[in-house]
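Student: Please read through the structure below; I'll follow up with questions.
Nothing in this text is a laboratory measurement; each read-out follows from the coordinates by a stated rule. Note that this is a predicted model, so its numbers are computed, not measured.
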């Protein structure tokens, strides 16, 4: 099954999904992050920046969850976003 959705709406939907996962100590953050990683190329530069801004908020509000379980995944997520942003700037 294929779902038709505009690129802008897809990016917004993914931003909402990532925000939903913030502060949750379940399997959901890694699941949503993995799906989003597979579609980095479909995100606008603005989407990437919003997700990075959300990482900063999450860090400042101490929403990373368990420091040994959740936090490492969120830090990897942030690094992957930064790498994608850099790839676009260098590309």
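Student: Taking 0.36 nm per residue of separation and subtracting the Cα-Cα distance, what length does fully extending residue 59 through residue 2 add?
Tutor: 17.0 nm is the gain from fully extending residue 59 to residue 2.
Student: Nearest 10 degrees, 0 to 90: what angle lies between the long axis of helix 28-37 and the longest principal axis of the chain (Cα atoms)?
Tutor: So the helix axis and the longest Cα principal axis differ by about 30 degrees.
Student: Consider just the alpha-carbon atoms of the chain and return their Rg together with their Dmax, both in angstrom.
Tutor: Cα only, the chain: 13.0, 40 Å (Rg, Dmax).
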